[in-house]
1. Can you pull out the residues in the stretch 172-212 that are surrounded by 13 or more Cβ atoms within 10 Å (Cβ to Cβ), under 26 Å from the mean Cα position of the chain (by Cα) and among the acidic types (Asp, Glu)?
2. What are the residues in the stretch 176-212 that are outside any strand (DSSP E or B) and over 27 Å from Val46 (Cα atoms), if any?
3. Taking strands (runs of 3 or more DSSP E) that do not extend beyond the stretch 1-108, which have at least 1 residues that are farther than 26 Å from Trp145 by Cβ and modelled with pLDDT of 90 or more?
Amino acid sequence: MHISAWATDSNFMKKIYASLLILICSVKGFSQHTAPLKNSINIIPVATFYTYNWSMGIAYERLIDHKGRFGVNIPVLLAFMNDGFNVDAGVENSNRLQLNPGFRYYPVRNKTMTYGVGLSYYYFRGKIEYYGFGYYSGQTQYESWKYTIWQAGPMLNNYAGFNINEHFYVGIEVGVGVNIINKGKVESTGEVYRRNAEKEMFQTNFQIGYRF
């Protein structure tokens, strides 16, 4: 009777130990495969878009699947134009609003880095003024022509991010696109016309991000 009771207790303890081992392994496995943080805010201190002057802005990204392979990225930037003034003739640009929302796919995502490719649609809007002196009926006359301009089109982007820790990271993005829309509007008359400007669009930006 004592031997049978001891054997029963021994089997019971083995089952407990086995259950604890399975639980520990399950917790460990879960911790290694926890879903990534799905939201991130990026500060963009430096960005360039083709021939425009430097830009800066902010972006929000949301991962839309459990594994963090797909995301929606919405950057908003402001381009700081720096045109010189010439009393005889010149061009003056206003600072321009830039949007470049799109989707990203991340084939590589680990503790060290993240690599992604994506398709976005960029949009620029700003004002431009041409000015100078003209000669009419023997008289010198100063004139200026003001326009609102906008550009838009698809862009293919490559992105690489390097993790500092679970929440903070730095990244760089490079993109190439094409101008589908490139128009201007004469402010004095409201006439809309197609601009003879560049067909290609390139962009690079540096990001400092926080995941939550």
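1. Once the filter is applied, which keeps residues that are surrounded by 13 or more Cβ atoms within 10 Å (Cβ to Cβ), under 26 Å from the mean Cα position of the chain (by Cα) and among the acidic types (Asp, Glu), the stretch 172-212 yields Glu173, Glu198.
2. Step one: of the stretch 176-212, the residues outside any strand (DSSP E or B) are 179-180, 187-191, 195-199, 212.
Across the stretch 176-212, the qualifying residues are Glu187, Ser188, Thr189, Gly190, Glu191, Arg195, Asn196.
3. Working: elements: 39-49, 55-63, 70-79, 89-93, 96-99.
Strands (runs of 3 or more DSSP E) meeting the threshold: 39-49, 55-63, 70-79, 96-99.
The values are calculated or read from the model by the stated rules, or taken from the named source; none is laboratory data. Note that the structure is predicted; figures quoted are calculated from it, not measured. Glycine also receives a Cβ, built like all others from the backbone with ideal geometry; neighbour counts cover every protein chain displayed.
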